[in-house]
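Novice: Supplied in structure tokens, the structure appears directly below.
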Amino acid sequence: MKRIDQKRIDQTLELIKSQEREDDGNPRVKTIVNRLLKELFNVMADLDITSEEMWKACDWLTQTGKNNEFGLVFAGTGIEKFIDVMMDWEDEQAGIENRTPRTIEGPLYVAGAPVSTSYAELETEVEPHAERLFMSGVVCDENKKPIPDALVEVWHCNLNGLYSHFDSSQPEFNLRRAIRVGEDGKYEFKSFIPVGYACPPNGSTDTLMQLLGRHGSRPAHIHFFISAPGYRKLTTQINIENDPLINEDFAFATRPELVPPIERISAQEAAKYGKQEAFAKIEFNFNMVKETPKAAPGENHRVRAAIEA
């Protein structure tokens, strides 16, 4: 079929813009929406997208909102990854070197996790069949000096691939804690080696991934926010070494520098570390960068889940 002529596209765009009141609304939003519509209309014309296809897309968008899956869609389509790419580029332009790379936050953070000093046990409900994990390290500045009073927020899923708060079968803040480091900058937490997870079966994200010939699964990982006064907040996560999906993350979050080695400590050796059972050991230092007035913000202020008081 012959492409609709450009004149009709331009006339439609002008008609839409004609209803904008010059002194009302938000100029930035106007610019973005008008550009998106221009690109969309041209794509509809170039690919001969039918009215039936557009209304199916509308139904999918509506269901995605009802399912609260737009955060997963942002991850699975690479939008969240590209946000990180843009922020990395902005940092490069400002001469900022992030020794610990940022990577995606994902949609499953919950504010207000219990805070402890230097050490935390992440399990509110102990998982007896999991491989025990102790992860430790130091929060440092660019010169590898400890940053006192930094806050390490950590969260991961359970063995069913589900996160507390979003999974009502778990206690609130299960596998979610915040650790305030001391003068030495050291943190440590006890948990277990998490598993990867997949998007809800036959949900909006899974449906889209299937249509794209892709899977909707993530390798095992642990999320972190690292913050301290005078420093740029660090949003990152580590992957669990040797996970089969480590290079096939549907959310594109894997970075080689964020795959620390795991050391297995036997029950016989555990006493040397002050532990009473066999465990997996990860050591990982977080390097923070001082705030730079000339640089673009290293953090966004998206709406996040929180527990109501």
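The values are calculated or read from the model by the stated rules, or taken from the named source; none is laboratory data. Owing to the predicted nature of the structure, the values given are computational and were not obtained by experimental measurement. Note: ideal-geometry Cβ built from the backbone for every residue, glycine included; neighbour counts use all protein chains shown. For accessibility, only protein heavy atoms count, side chains too; no ligands or nucleic acids. Shrake-Rupley method; radii C 1.70, N 1.55, O 1.52, S 1.80 Å.
Novice: Of the conditions (1) more than 24 Å from Glu127 (Cβ to Cβ); (2) in contact with a helix residue (DSSP H, G or I) (Cβ under 8 Å, 6 or more places away or on another chain), Leu234 clears all except one; give me its number.
Specialist: (2)
Novice: Does any residue in the stretch 129-140 that is farther than 17 Å from Val152 by Cα and free of Cβ contacts under 8 Å to residues at least 12 places away in the same chain come within less than 6 Å, Cβ to Cβ, of a residue that is of a type in the set (A, V, I, L, M, F, W, C) and open to solvent by less than 30 Å² (accessible area, probe 1.4 Å) six or more places away or on a different chain, and which pairs are these?
Specialist: Within 6 Å, no pair qualifies.
Novice: Give Asp84, Asp88, Asp5 a once-over and let me know the one that is acidic (Asp, Glu) and more than 30 Å from Lys233 (Cα to Cα).
Specialist: Asp5
Novice: Starting from residues that are assigned to a loop (DSSP other than H, G, I, E, B) and surrounded by 10 or more Cβ atoms within 10 Å (Cβ to Cβ), keep the ones in the stretch 1-30 and report whichever is nearest to the chain's Cα centre (by Cα).
Specialist: Gly25
Novice: Then there's this: Condition first: in contact (Cβ under 8 Å) with a residue 40 or more places away in the chain and more than 21 Å from Ala305 (Cα to Cα). Can you find one or more residues in the stretch 157-165 that meet it?
Specialist: Looking through the stretch 157-165, none of the residues is in contact (Cβ under 8 Å) with a residue 40 or more places away in the chain and more than 21 Å from Ala305 (Cα to Cα).
Novice: Right, here's the next one. Any residue at all in the stretch 274-288 that's open to solvent by less than 70 Å² (accessible area, probe 1.4 Å) and free of Cβ contacts under 8 Å to residues at least 40 places away in the same chain?
Specialist: yes
Novice: Restricting to the stretch 233-268, and then to whatever is of a type outside the set (A, V, I, L, M, F, W, C) and in a strand (DSSP E or B), can you tell me which residue is farthest from Pro194 (Cα to Cα)?
Specialist: Per the criteria, the residue is Thr235.
This table checks each residue for (1) at pLDDT 95 or above; (2) over 23 Å from Cys58 (Cα atoms).
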residue: Met1; (1), (2): no, yes
residue: Asp5; (1), (2): no, yes
residue: Thr12; (1), (2): yes, no
residue: Ser18; (1), (2): no, yes
residue: Asp24; (1), (2): no, yes
residue: Arg28; (1), (2): yes, yes
residue: Ile32; (1), (2): yes, no
residue: Lys38; (1), (2): yes, no
residue: Phe41; (1), (2): yes, no
